[in-house]
Amino acid sequence: MAMNPMEQFAIKPLISEPVLHIAGHPIYFTNQALLMIIVAIASSLFLTLAVKPGRLVPTRGQSMAELSYEFVANMIHSATGEDGLKFFPFVFTLFIFVLCSNFFGMVPGSFTVTSQIAVTLALACLVVGLVIVVGFMKHGIGFLKLFVPHAPWYLLILLIPIEVISFLTRPISLSVRLFANMLAGHTMLAVFAGFVVSLGAAGGIYMGVALAPLLLIVAIMLLELLVAFLQAYVFAILTCIYLNEALHLHDHH
Amino acid sequence: MTAPDPDRLNDLGKRLDELQTRQAASVKRAPPSQSGIAFRFTTELVAALVVGGGLGWGIDWLFGHFGFHTRPVFLVLFFVVGIAAGIRNVMRAATEINAEIAAKSASKPEEK
């Protein structure tokens with residue numbers, strides 16, 4: 001039996017009837033939507049329930065919630081300074097959503113929301129959209145100075161388009177990084193799992209050989225847990241860096 | 001349950017703070033792995049090419065819509081600008097990674 005390692009990324013409607021129609025397009029309730037709802041509900045429930053007792057000496061759950069709060073708060077503070085803390089709810093939600101999506105995707109048989117470019121691109125566009133809005137609100141038209149490097153005017157004709165394109169690549173590089181890492185990791189897991197199944201089915205001495213990819217899967221699984229966290233962290237820290245640029249123009253030079 | 005002893009709590013708090021600053025210095029911003037750096041550079045470069053090319057293609061399409069046949073001109077132009085933007089991105093990423101590695105090797109708690 002041949003297994004397709006990409007099959008796990010297929011989006012399937014869970015209810016055969018479209019839930020609603022938007023401008024003539026049928027909208028289905030898919031496994032993707034289900035997982036996103038689970039992630040959102042589970043993370044908000046966990047975080048609110050964990051800090052509910054408000055104990056001085058925290059329980060394990062409360063400690064996890066408080067540590068994640070401090071982690072993100074420190075990250076924003078070091079990347080954007082004092083006035084970036086306004087955006088704590090946004091960055092924290094983003095971080096927790098990506099982190100929980102990655103971790104829920106690690107559960108065998110579930111679905112990885114962040115392995116869909118549609119999701120990561122939407123999140124990245126949200127970030128860059130916010131950066132643009134914040135930049136214009138804070139600096140007005142002066143925000144456009146972000147695209148004007150220090151150079152003589154005849155070079156600016158060339159440099160401004162370069163800077164604009166460089167800015168426009170942000171949503172793409174931000175989303176592709178998260179999406180590709182999750183896609184690659186889960187594909188690798190599925191490929192090695194396929195080895196185990198086909199070697200095991202071959203029988204005889206191959207059953208023993210099947211142990212090698214099985215052990216490898218365990219190792220890759222651990223690595224993937226690290227990647228799941230790291231990518232959520234990278235997504236959040238880049239959000240902070242971009243917000244910092246919108247808040248303090250050209251300070252990074 | 002008895003009320004917690006304030007001295008012990010303060011002591012615990014101090015020890016926790018110490019541990020956290022020590023850990024923050026070592027854990028924060030581990031320099032990215034070789035493959036991470038390679039992946040970062042690739043995405044930065046390719047993303048700029050895609051955006052540049054896409055933008056040029058879009059402008060051509062728009063002009064074509066209004067009856068000006070500029071078809072390959074803006075595509076080529078913006079593709080070249082996209083290459084330049086990609087190289088700019090990679091250089092910026094390299095500067096950031098260098099700064100991270102420098103901060104790591106100096107290994108002092110980061111204060112910005």
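The values are calculated or read from the model by the stated rules, or taken from the named source; none is laboratory data. Not measured: the values here are computed from a predicted model. As a convention, Cβ positions derive from the backbone with ideal geometry for all residues, glycine included, and neighbour counts pool all protein chains shown.
For A:S173, only one of the following conditions fails: (1) buried (at least 16 other Cβ atoms within 10 Å of the Cβ); (2) away from chain B (no Cβ under 14 Å); (3) under 18 Å from A:I241 (Cβ atoms); (4) not aliphatic (A, V, I, L, M). What is its number?
Every listed condition holds for A:S173 apart from (2).
Within the bounds of the stretch B:63-75, is there any residue that is in a helix (DSSP H, G or I), modelled with pLDDT of 85 or more, at the interface with chain A (Cβ under 9 Å from one of its Cβ atoms) and surrounded by 13 or more Cβ atoms within 10 Å (Cβ to Cβ)? Reasoning before the result, please.
Filtering the stretch B:63-75 for residues in a helix (DSSP H, G or I) gives B:63-65, B:71-75.
Still in the list and also modelled with pLDDT of 85 or more: B:63-65, B:72-75.
Those left that are additionally at the interface with chain A (Cβ under 9 Å from one of its Cβ atoms): none.
Within the stretch B:63-75, none of the residues are in a helix (DSSP H, G or I), modelled with pLDDT of 85 or more, at the interface with chain A (Cβ under 9 Å from one of its Cβ atoms) and surrounded by 13 or more Cβ atoms within 10 Å (Cβ to Cβ).
In the stretch B:83-107, what residues are surrounded by fewer than 17 Cβ atoms within 10 Å (Cβ to Cβ), among the small types (G, A, S) and assigned to a helix (DSSP H, G or I)?
B:A94, B:A99, B:A102, B:A103, B:S105, B:A106 - these are the residues of the stretch B:83-107 that are surrounded by fewer than 17 Cβ atoms within 10 Å (Cβ to Cβ), among the small types (G, A, S) and assigned to a helix (DSSP H, G or I).
In the stretch A:215-226, is there at least one residue being surrounded by fewer than 15 Cβ atoms within 10 Å (Cβ to Cβ), at pLDDT below 90 and over 23 Å from the mean Cα position of the chain (by Cα)?
Within the stretch A:215-226, none of the residues are surrounded by fewer than 15 Cβ atoms within 10 Å (Cβ to Cβ), at pLDDT below 90 and over 23 Å from the mean Cα position of the chain (by Cα).
Hey, does the stretch A:188-199 have a residue that's out of contact with any Gly (no Cβ under 8 Å at 6 or more places or on another chain), within 14 Å of chain B (Cβ to nearest Cβ) and either crowded, with 16+ Cβ neighbours inside 10 Å or not basic (K, R) (or both)? Let's see the steps before the verdict.
Step one: of the stretch A:188-199, the residues out of contact with any Gly (no Cβ under 8 Å at 6 or more places or on another chain) are A:188-199.
Checking the rest, the ones that are also within 14 Å of chain B (Cβ to nearest Cβ) come to A:188.
The next check asks that each one be either crowded, with 16+ Cβ neighbours inside 10 Å or not basic (K, R) (or both); those that pass are A:188.
Yes, there is a match, as at least one residue in the stretch A:188-199 is out of contact with any Gly (no Cβ under 8 Å at 6 or more places or on another chain), within 14 Å of chain B (Cβ to nearest Cβ) and either crowded, with 16+ Cβ neighbours inside 10 Å or not basic (K, R) (or both).
Go through the stretch A:203-253 and give me each residue that's of a type in the set (G, A, S) and in contact (Cβ under 8 Å) with a residue 40 or more places away in the chain. So that I can check it myself, show each step before the final result.
Quick first cut of the stretch A:203-253, residues of a type in the set (G, A, S) only: A:203-204, A:208, A:210, A:212, A:219, A:228, A:232, A:236, A:246.
A:A228, A:A232, A:A236, A:A246, listed by residue number.
State whether one or more residues within the stretch A:22-36 are assigned to a loop (DSSP other than H, G, I, E, B) and within 29 Å of A:T187 (Cβ to Cβ).
Just the residues of the stretch A:22-36 that are assigned to a loop (DSSP other than H, G, I, E, B), to begin with: A:23-24, A:28-29.
Within this subset, residues satisfying the condition of being within 29 Å of A:T187 (Cβ to Cβ) are A:28-29.
The answer is yes, given that some residue of the stretch A:22-36 is assigned to a loop (DSSP other than H, G, I, E, B) and within 29 Å of A:T187 (Cβ to Cβ).
Here's the yes/no breakdown for (1) of a type in the set (S, T, N, Q); (2) touching a helix residue (DSSP H, G or I) at 6+ places or on another chain (Cβ under 7 Å):
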position: A:H21; (1), (2): no, no
position: A:Q32; (1), (2): yes, yes
position: A:L35; (1), (2): no, yes
position: A:S44; (1), (2): yes, no
position: A:L49; (1), (2): no, no
position: A:A65; (1), (2): no, yes
position: A:M75; (1), (2): no, yes
